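The values are calculated or read from the model by the stated rules, or taken from the named source; none is laboratory data. Being a predicted model, the structure only gives us computed values, none of them experimental. All Cβ positions, glycine included, derive from the backbone under ideal geometry; neighbour counts span all protein chains shown. In case anyone asks, the SASA skips ligands and DNA or RNA and just uses the protein heavy atoms, side chains included. Shrake-Rupley method; radii C 1.70, N 1.55, O 1.52, S 1.80 Å.
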Amino acid sequence: MEFIRNLPFICIVSALSTGVISSVLKPRVAKLLSFLLISGSCIASVLVLVYTMQTGEAFVYSMGHFPAPWGNEIRAGVMEGVMALFFSAIMLLSLLGGEKYLKVDIEASKQNLYFVLVDLLLSSLLALVYTNDLFTAYVFVEINTIAAGGLIMVRSNGHSMLAATKYMIMSLLGSGLLLIGISLQYDLTGHLLMSNIQEAVGELAAQGEYAMPLTVIIGLISVGIAIKSALFPFHAWLPDAYGYSTASSAAILSSLVSKAYLFLLIKIIYRVIGTEVFWDSKITNVFFVLGVAGMLFGSVSANKETDMRRMIAFSSVAQIGYIYMGLGFGTQLGVTAAVFHIFSHAATKSMLFVACRGLSEVSGNWKEFSELKGSGYRNKIAGAAFTVGALSMVGVPLFAGFISKLFLTSAALETMSVKMAIALIILAISTVLNALYFIRAVISIYTPRNEKYYDSTFRPGITFCAGIVCFIFINFALGLASNPLIKAIEQGLRMFS
């Protein structure tokens with residue numbers, strides 16, 4: 001069983017190594033190697049999760065066996081195991097669902113490059129989940145940024161190049177603020193390991209020293225991550241990045257990249273700054289205000305769109321607002337609700353992007369609602385998946401989105417403050433707006449028109465069907481059997497503390 005403690009490090013290094021090796025392989029071999037890597041990561045994450053749940057405590061792996069504070073550490077608990085498993089599984093399903101379109105969307109000479117970027121992205125996601133060192137987290141934030149930018153521009157058309165440029169500009173601005181915050185923190189505490197930083201920050205807070213510099217550090221780190229995770233009003237890059245990428249890239253970017261930054265923020269709240277110090281800084285009020293603003297703006301913008309993929313992208317702005325609103329409550333239940341919404345949104349939004357590509361395929365590759373009419377009949381499994389995703393985003397019972405909104409409502413009621421009234425009103429308005437644009441989209445794809453695109457020989461493909469069916473299953477599982485995941489999140493947060 002002790003060997004399991006090595007698995008997080010093995011997964012990260014294997015992903016980095018596979019990325020290097022894939023650069024000289026043929027596309028088909030690189031693709032196979034990437035699928036094996038991600039599948040192996042899923043298995044390893046299950047073992048880590050089971051191990052930490054059985055032992056009831058997190059474990060620390062020292063790389064090179066150098067002790068802190070000189071050595072670099074990896075830490076794994078229940079929360080890390082759940083998140084690593086979910087990230088690996090969603091990436092695998094996103095690639096399965098969009099695999100048939102990679103040959104169409106990407107030049108043959110760049111297809112092995114695509115899997116190099118996927119491998120690097122996986123390594124950065126796993127490192128952000130497991131690392132116990134703040135500077136190592138920053139290094140992998142930059143690897144994540146480069147890989148994500150490459151996944152956007154690999155399609156090599158004008159739209160994707162412009163989208164990648166916007167993404168890199170905004171993302172590097174966020175990275176710069178994050179680095180400044182980490183540097184100031186190091187100057188203040190003299191540590192980079194998260195556990196050591198938390199002890200030092202706790203002592204400073206107890207003595208009442210350096211209150212203003214500490215608040216500045218919290219602000220810089222929070223704003224940097226907010227920019228990188230596309231919190232309103234830092235979301236300008238998001239619609240183009242998601243809307244003009246390949247199906248797999250859009251699914252991965254919307255489900256995993258921004259969620260990794262949000263998970264890093266939660267780790268910083270619990271394991272670097274400490275919840276009491278972070279809540280006392282009142283930055284949660286900023287999260288709350290920008291979160292509810294994003295919920296409204298993203299929903300209104302999505303309602304204005306006639307392009308289905310951009311509509312789904314603007315919906316992500318609103319959904320990220322939900323997560324920040326949960327963090328903005330400044331309570332344990334609020335964070336639990338926010339973490340569950342990370343899982344719910346990741347599973348649903350990736351399914352929507354993959355399904356949208358399937359609907360577009362049988363509609364002359366158009367994405368406008370007027371041209372997608374009847375596509376739900378022409379590609380039945382994509383239509384079913386889009387309908388499930390739409391109902392989940394609205395918050396209909398039986399689906400993952402309902403549980404998210406239920407927990408966010410419970411967290412709002414727990415606050416018994418002005419936040420409660422604002423949150424409940426905005427949740428109601430946002431839900432109505434969600435229903436307007438998602439139900440409109442569902443009605444559109446099942447309106448029997450545009451049969452000029454009908455092809456009686458069309459077959460969606462085995463990998464597409466496999467990915468879609470698994471996405472649908474996960475959505476129903478989160479909606480009907482959410483209790484085990486909720487308990488795992490609560491246990492993971494207790495381990496963080």
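Some observations on this one:
- Each Lys and Arg adds +1 at its Cβ and each Asp and Glu adds -1 at its Cβ; summed about the Cα centre, segment 67-203 shows a dipole of about 620 debye.
- Bins of 10 Å from zero: percent of alpha-carbon pairs in the chain: 4, 21, 32, 27, 12, 3, 0, 0
- Whole-angstrom gap from segment 194-212 to segment 344-361, using each part's C-alpha centre: 44 Å
- Cβ charges +1 (Lys, Arg) and -1 (Asp, Glu), total dipole of segment 236-387, debye: 260 debye
- Between segment 247-277 and segment 367-439, the alpha-carbon center distance in angstrom: 22 Å
- Amide H contacts under 5 Å for ASP133, placed H, 5+ residues apart: GLU73, MET194
- Projecting label points 7 angstrom from Cα along Cα→Cβ for PHE3 and GLU414 puts them 4.0 nm apart.
- When the charge dipole of the chain is built from unit charges on Cβ atoms (+1 for Lys and Arg, -1 for Asp and Glu) and taken about the Cα centre, the candidate among GLY97, ILE320, PHE232 whose Cα reaches farthest toward its positive end is GLY97.
- Note on VAL139 and ALA206: the extension gain reaches 21.0 nm, defined as 0.36 nm multiplied by sequence separation minus the Cα-Cα distance.
- Across the chain, C-alpha contacts under 8 Å between residues 6 or more apart give a mean separation that, scaled by the residue count, equals a relative contact order of 15 percent.
- Accessible surface of the chain [probe 1.4 Å, protein heavy atoms]: carbon and sulfur percent: 69 percent
- Karplus-derived HN-Hα couplings along segment 477-482 (A = 6.51, B = -1.76, C = 1.60, θ = phi - 60°), whole Hz, x at Gly and Pro: 4, 5, x, 9, 9, 7
- Note on segment 283-358: Cα-Cα pairs beyond 21 Å make up 30% of the total pair count.
- Orientation-averaged projection of segment 113-158 equals 3.1 nm² [convex hull of Cα atoms, one quarter of hull surface area].
- For segment 435-440, the Karplus equation 6.51 cos²θ - 1.76 cosθ + 1.60, evaluated at θ = phi - 60°, returns couplings of 4, 4, 7, 6, 5, 4 Hz by residue, with Gly and Pro reported as x.
- Accessible surface, per residue, of segment 201-312 when the full set of protein chains is kept, probe 1.4 Å, Å²: 28 Å²
- Over segment 333-389, the pair-distance histogram of Cα-Cα distances with 5 Å bins from zero comes to 4, 21, 24, 17, 11, 8, 7, 6, 2, 0 percent, rounded to whole numbers.
- Farthest toward positive dipole pole in segment 211-307 [+1 Lys/Arg, -1 Asp/Glu at C-beta], among TYR242, VAL277, ALA293: VAL277
- Remark on PHE369: its backbone amide H falls under 5 Å from those of MET308, a criterion applied only to residues 5 or more positions apart or on other chains, H modelled at 1.01 Å from N.
- Here the chain is treated with +1 on each Lys and Arg Cβ and -1 on each Asp and Glu Cβ, and its dipole about the Cα centre works out to around 1620 debye.
- Pair VAL469, TRP366: separation of 7 Å Cα→Cβ label points (nm): 3.2 nm
- The relative contact order of segment 157-246 comes to 50 percent, based on Cα pairs under 8 Å that sit 6 or more residues apart.
- Phi-derived couplings, Karplus 6.51 cos²θ - 1.76 cosθ + 1.60 at θ = phi - 60°, listed residue by residue for segment 213-224: x, 5, 5, 4, 4, 4, x, 5, 5, 5, 5, x Hz, with x used for Gly and Pro.
- CYS356 contributes about 0 Å² of solvent-accessible surface, heavy atoms of the protein only, 1.4 Å probe.
- Candidate aspartates and glutamates - alpha carbon under 17 Å from LYS373, same-chain residues fewer than 8 apart omitted: GLU305, ASP307, GLU361, GLU451, ASP455
- Look at where the Cα atoms of segment 459-487 and of segment 94-131 average out, and the two centres are 21 Å apart.
- THR215 contributes an accessible area of around 60 Å² to the protein surface, as traced by a 1.4 Å probe with all chains present.
- Think of segment 40-172 as a dipole: +1 on every Lys or Arg Cβ, -1 on every Asp or Glu Cβ, centred on the Cα centre; then among GLY150, SER88, VAL139, GLY150 lies furthest on the positive end.
- Available extension along the chain between ILE180 and ALA384 is 68.8 nm, counting 0.36 nm per residue and deducting the alpha carbon span.
- For segment 102-199, the square roots a ≥ b ≥ c of the C-alpha gyration tensor eigenvalues yield an a/c of 1.5 or more together with a/b not exceeding b/c, which makes the shape oblate.
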